[in-house]
Amino acid sequence: MKKNSAIQLLDEINGAYQDLKIPKYRQIDLKQWKEYLDKLQDIKQFLSDDKTLKNLINAISQIVSKLENLKKIRPINEATKLENKDRTLLMNTSERGVNKAIPCISAKNKAPFFWIDESTGGKCEINNGQWGAKNSMLLDILGYMLLMKEGVDIIPKIQTPIFNDIKKIKTRESELENGKDELLFTTSDVNPAIEIIKQRKYYVHFDDKDFRELTSKKMNSNSIFDLIHKTFLMDFKIIYPVRIIENKKSREQLYTMTVFSKLFELISIDKKVRDFDNAIRCREYYISFNTILGELFVHNLKTLNFDWIHRDFYQLPDSAQIFYKRFILNHNFSSLSIGLSKISNWLDLSDKNITNLVSTVESNILKPLKECKFIEEYSKKNGQNGLKFNIKINR
């Protein structure tokens, strides 16, 4: 190959790349992307200083990496867990109450954020922040660590509820509201606060390395801290699904919180600091669930009210993660019919152009779920109450 041929090939591939609609990575398959990348690598010897070539190789390399990660993702069910028990080492537990109770809240919404619970008609409210796939992911790994701690390095198989009925929850909510320990939020000396957290019945301790291992996310220490701290700052007064066990049978009951509550208490410690610029390279965290919402979260976990999530699941687009956890993960139906308005409300999609909204739902939610075999097929149909998606679920 001569330089002129290399330039011609670069122009062809770059033209094909530029013509693809966004998101580009979904427009052609992994095999084709790899072929493009191989051809570009072959012509580097002729165009080593070409900026277009360098940018194109970088962009396509990222697409190949993304598609390879998505290809690894598979839905986890009881059968696969039984076939290979070691797979549980690559999974987290996803608590159902959080997935059902907290909708997506995007940055465009100013605090406080209100909505009406569709089951009870009650008012729900969240202050101080946004809620999305990463917050939900954080709760997955916190729940997993808590259960592993409770079971002494294995997930417990026996239900051990905190609350026996709704009345006990109300009593505990009142106790926590009237006996807050402000030391955890005001002291400048972390050591006494850490000792207090260690005396809590339900707490976890981890560092940045543990976070990356449990999420398969390559996030730096500042990004991890930012996610945990912002989740900690949020205040919730919501209607929460609680698993109550009566006469050896469990059923879900809805608890209406009467006060604002955080999900957890937090202490972070700078573990490794770089000498020349004082940049923090690693932090460790102590998280206590000594709040009413935190204890409801733990209660559900201890009643085994959770589903399994493979850690590669977090490579999916954020909207696909939230949709799957809310509408598919927590039941065993083989199909689902859901309206566009319900999807847009839960995922906080605000585009008033219906064509654009449908395109967003398909490209960011349904197509990625289908590609990764979480759903088999989907179709859409107009009805009396607007557009609906009919989804066949991969079980």
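The values are calculated or read from the model by the stated rules, or taken from the named source; none is laboratory data. Note that the coordinates shown come from a computational prediction; the quantities given were computed from them, not determined experimentally. Please note: Cβ atoms are built from the backbone with ideal geometry, for glycine as well, and neighbour counts cover all protein chains shown.
Please work out which one of (1) of a type in the set (S, T, Y); (2) at pLDDT 90 or above; (3) not in a loop (DSSP other than H, G, I, E, B) is the condition S250 fails and give its number. Result: S250 passes all but (2).
Would you be able to say whether some residue in the stretch 381-392 is in a helix (DSSP H, G or I) and either touching a residue at least 24 places away in the same chain (Cβ under 8 Å) or in contact with a helix residue (DSSP H, G or I) (Cβ under 8 Å, 6 or more places away or on another chain) (or both)? Checking the stretch 381-392: not a single residue is in a helix (DSSP H, G or I) and either touching a residue at least 24 places away in the same chain (Cβ under 8 Å) or in contact with a helix residue (DSSP H, G or I) (Cβ under 8 Å, 6 or more places away or on another chain) (or both). K209 falls short of the stated requirement of being surrounded by fewer than 18 Cβ atoms within 10 Å (Cβ to Cβ), of a type in the set (K, R), out of contact with any Phe, Trp or Tyr (no Cβ under 6 Å at 6 or more places or on another chain) and under 26 Å from I126 (Cα atoms).
A single entry from S216, S221 fulfils the requirement of being within 15 Å of the chain's Cα centre (by Cα) and either closer than 19 Å to Y314 by Cβ or basic (K, R) (or both): S216. In this structure, V259 does not satisfy being assigned by TED's automatic domain parsing to the domain that holds I141, part of a helix (DSSP H, G or I), β-branched (V, I, T) and within 22 Å of F236 (Cβ to Cβ).
Given the criteria in a loop (DSSP other than H, G, I, E, B), within 35 Å of the chain's Cα centre (by Cα), modelled with pLDDT under 85 and farther than 30 Å from L304 by Cβ, does I28 qualify? In short, yes.
Looking across the stretch 192-213, the residues that are within 16 Å of the chain's Cα centre (by Cα) and farther than 30 Å from L176 by Cα come down to R212, E213. When restricted to residues that are closer than 23 Å to L146 by Cα and not acidic (D, E), the stretch 261-291 contains 18.
Answer yes or no: is there a residue in the stretch 263-270 that is farther than 16 Å from L142 by Cβ, assigned by TED's automatic domain parsing to the domain that holds R200 and without any contact (Cβ under 8 Å) to a residue 40 or more places away in the chain. Yes, that holds for at least one residue. Residue count for the stretch 308-348 under the criterion of being among the acidic types (D, E) and within 13 Å of the chain's Cα centre (by Cα): the result is 2. When we screen I328, I375, I322, I393 for residues that are touching a strand residue (DSSP E or B) at 6+ places or on another chain (Cβ under 7 Å) and either within 15 Å of N99 (Cβ to Cβ) or hydroxyl-bearing (S, T, Y) (or both), the only hit is I328. Taking the criterion of being among the β-branched types (V, I, T) and within 12 Å of M234 (Cβ to Cβ), the only residue of the stretch 106-144 that qualifies is I126. Listed by first and then second residue, the pairs linking a residue in the stretch 116-134 that is closer than 14 Å to A101 by Cα to a residue that is exposed (fewer than 15 other Cβ atoms within 10 Å of the Cβ) and of a type in the set (A, V, I, L, M), with Cβ atoms under 7 Å apart and 6 or more places separating them unless they lie on different chains, are K123/I116.
Criterion applied to I287, I354 was being buried (at least 21 other Cβ atoms within 10 Å of the Cβ) and touching a residue at least 12 places away in the same chain (Cβ under 8 Å), and the one residue passing it is I287.
When the stretch 268-291 is limited to residues that are more than 21 Å from the chain's Cα centre (by Cα) and not in a strand (DSSP E or B), the one that is modelled with the lowest pLDDT turns out to be D275. When the residues of the stretch 71-106 are filtered to those that are surrounded by fewer than 21 Cβ atoms within 10 Å (Cβ to Cβ) and assigned to a loop (DSSP other than H, G, I, E, B), the one that is modelled with the highest pLDDT is P103. Set side by side, the residues L184, L176 differ, and just one is more than 26 Å from the chain's Cα centre (by Cα), modelled with pLDDT of 90 or more and not in a loop (DSSP other than H, G, I, E, B), which is L176. Would you confirm whether any residue within the stretch 371-379 is part of a helix (DSSP H, G or I), within 19 Å of L70 (Cα to Cα) and not assigned by TED's automatic domain parsing to the domain that holds M219? There is at least one residue in the stretch 371-379 that is part of a helix (DSSP H, G or I), within 19 Å of L70 (Cα to Cα) and not assigned by TED's automatic domain parsing to the domain that holds M219. Based on this model, can you work out whether G143 counts as closer than 18 Å to P241 by Cα, surrounded by 13 or more Cβ atoms within 10 Å (Cβ to Cβ), of a type outside the set (V, I, T) and within 19 Å of the chain's Cα centre (by Cα)? So G143 passes the test. Just one of the listed residues (I28, I7, I13) is among the β-branched types (V, I, T), under 27 Å from N69 (Cα atoms) and touching a residue at least 24 places away in the same chain (Cβ under 8 Å), namely I13. In the stretch 292-312, the condition of being at pLDDT below 95 and hydroxyl-bearing (S, T, Y) is met by no residue. Of all residues in the stretch 218-238, one or more are touching a helix residue (DSSP H, G or I) at 6+ places or on another chain (Cβ under 7 Å), under 17 Å from R281 (Cβ atoms) and part of a loop (DSSP other than H, G, I, E, B).
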